[in-house]
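Peer 1: I am attaching a structure below and will ask some questions about it afterwards.
A short reminder: the numbers here are calculations on the coordinates, not readings from a lab. What you are looking at is a predicted structure, and each value in this text was computed from that prediction instead of being measured. As a convention, Cβ positions derive from the backbone with ideal geometry for all residues, glycine included, and neighbour counts pool all protein chains shown.
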Amino acid sequence: MTTDPDHISRTSTTCTKPLVGVTMGDPCGIGAEVIVKALSDPDIRALGRFVIYGVDEVLTGAADAAGIRPFWFSARRDESLRIDSGVFVVDFDDYAAGFWLHARPSASGGKASLEFLDAAITAARDGVVDAIVTAPIHKTSWKLAGCKYPGHTEKLADAFKAKRVTMAFIGGGLRLALASTHISLFDLRNRFTIGLVFQPIDLLHTALVDWFGIQRPRIAVAALNPHAGEEGQFGDEEKRVIEPAMQMARNAGIEVEGPFPADTLFTPQRRSRFDGIVVMYHDQGLIPLKMLAFDTAVNVSLGLPIIRTSPDHGTAFDIAGANEADPGSMKEALRLACQFTLPPPSVAPPSSVPMDIAVPDA
């Protein structure tokens, strides 16, 4: 059972703030805590209206532990809800109380987080919410619950029938798009194609134009091999795959340079020349990102018909319930979700927009 969007009134005739659906993630993790802490900030709440899909008891417990007075209204998921302002919780109160006190992967945690996400997806499909922000889930919990998807990105792509979806990250002065995501490096060789590299270049270019207002963004592309293959001595993927993908992008009018050796691409002098960077595999981009913005980086899905952001951290079962979670990444995920629903900033020339964006006053 999922929340019927017909029970939620999207807006009044006078409200212009975006309505953002926030999924609580795995109830056994830190999702409730970072949501409560992030939305307790009045500056964040001023950016939009927020509907949380989760368990009110878990959110209230997180607020109590943090010394935060609950600031939201709640309603059962089968009750009517009008959201003109503020924060509302669609309460999945039929879950047995207390299972979330055991901070570990579980089928119950996986099932709950999937139901929260399904409710937000339904609301987005029906035009009820303008964006989705997802708190962390645990991939093992999803597997225990019988889910075939390894994570949010894959499930959202299937739910919205999106043929091309790319995982991207923003933080620490970087805007990154990944050619490959959750795949072992040994398996990547057999899936490394021109299309795999072209897609993130293309989708990142679109995001930089549509969301950041950069007229002609410049994109750098990382090499796969050490020293960019050193003229084929350390692999031919640069010549055989990456350069043809870059040429496809140039043929489409995209300004792209590379492939650059990854060990120098992320130096301040090199990265400052570009508006975005495409990396070939997960850790190639995530290591520099987390070195620069461990507590504030945001995961963004490119290619979906709905805006989706997420904090760039996991369920952190080891600190769940201890009131130690930093809400910085969730705050930035909420800021970006609200920002991306608005018209882009005034069109800017290439590379003149700072890598980190500021959200205008709501």
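Peer 1: Return the FRET efficiency for the residue pair Ala162, Asn251: r is the Cβ-Cβ distance, R0 is 30 Å, and the value is rounded to the nearest 0.05. Don't skip to the answer; put the middle values down first.
Peer 2: Numbers: r = 24 Å, r/R0 = 0.78.
That gives a FRET efficiency of 0.80.
Peer 1: I'd like the antiparallel share, as a percent to the nearest 5, of DSSP beta bridges with both residues in the chain. It would help to have the intermediate numbers written out before the result.
Peer 2: Numbers: 12 of 46 bridges.
Percent antiparallel among DSSP bridges in the chain is about 25.
Peer 1: Then there's this: What nm value, rounded to one decimal, do you get for the distance between Arg273 and Lys143 when each label is placed 7 Å out toward the C-beta?
Peer 2: 4.2 nm
Peer 1: Please figure out what share of the DSSP beta bridges in region 71-228 is antiparallel and state it in percent, rounded to the nearest 5.
Peer 2: Of those bridges, close to 50 percent are antiparallel.
Peer 1: Turning to a different aspect of this structure: Give me D for region 166-301 in µm² s⁻¹, whole number, from Stokes-Einstein with Rh from the Kirkwood sum over alpha-carbon pairs, 37 °C and 0.692 mPa s. Spell out each step's value before the answer.
Peer 2: On the way: Rh = 14.7 Å.
My calculation gives 223 µm²/s for D.
Peer 1: How high is the relative contact order of the chain, in percent, with contacts defined as C-alpha pairs under 8 Å that are six or more residues apart? Don't skip to the answer; put the middle values down first.
Peer 2: Values: 753 pairs, mean separation 83.9, N = 362.
This gives 23 percent for the chain.
Peer 1: If I model the chain as equal point scatterers sitting on the Cα atoms and use the Debye formula, what is log10 I(q)/I(0) at q = 0.07, 0.10 Å⁻¹?
Peer 2: -0.30, -0.61
Peer 1: Another question, if that's okay. Which of the pairs Lys161/Lys239; Lys111/Lys331; Lys139/Lys239 have their Cα atoms more than 31 Å apart in this structure? Don't skip to the end; give the middle numbers.
Peer 2: Numbers: Lys161/Lys239 33 Å; Lys111/Lys331 26 Å; Lys139/Lys239 35 Å.
Checking Cα-Cα distances, Lys161/Lys239; Lys139/Lys239 exceed 31 Å.
Peer 1: Another question about this same structure. How would you rank 41-54, 122-135, highest first, on the average number of other Cβ atoms within 10 Å across their residues? Mind showing how you got there, number by number?
Peer 2: On the way: 41-54: 20.8, 122-135: 22.3.
Ranking, from highest mean packing down: 122-135, 41-54.
Peer 1: Where does each of 242-252, 275-285 land if you order them by average Cβ count within 10 Å, highest first?
Peer 2: Working: 242-252: 17.2, 275-285: 23.6.
Result, highest mean Cβ count within 10 Å first: 275-285, 242-252.
Peer 1: Need one number: nm distance between label points at Asp187 and Leu292, each 7 Å from Cα along Cα→Cβ, rounded to one decimal.
Peer 2: Going by the 7 Å Cα→Cβ label model, 2.9 nm.
Peer 1: So for the pair Asn323, Ala66, with labels modelled 7 Å out along Cα→Cβ, what separation do we get in nm?
Peer 2: Each label point lies 7 Å from its Cα, and together they span 1.2 nm.
Peer 1: Where does each of 106-113, 316-323 land if you order them by average Cβ count within 10 Å, highest first?
Peer 2: Details: 106-113: 22.5, 316-323: 16.6.
Listed from highest to lowest mean packing, they are 106-113, 316-323.
Peer 1: Further question: Return an integer: the convex hull volume of the alpha-carbon atoms of region 68-167, in Å³ per residue. All intermediate terms of the calculation are to be shown ahead of the outcome.
Peer 2: On the way: hull volume 14.1 nm³, N = 100.
Residue-normalised Cα hull volume stands at 141 Å³.
Peer 1: May I ask for the net charge around Asn323, where only other residues with Cβ less than 10 Å from the Cβ of Asn323 are counted and Lys, Arg are +1 while Asp, Glu are -1? List each step's numbers first, then the result.
Peer 2: On the way: positive: Lys37; negative: Glu33, Asp64, Glu324.
Its environment carries a net charge of -2.
Peer 1: Which aspartates and glutamates have a Cα lying under 16 Å from the Cα of Lys290, excluding residues fewer than 8 positions away in the same chain?
Peer 2: Counting by Cα, and skipping residues close in sequence, Lys290 has these aspartates and glutamates nearby: Asp263, Asp312, Asp326, Glu332, Asp356.
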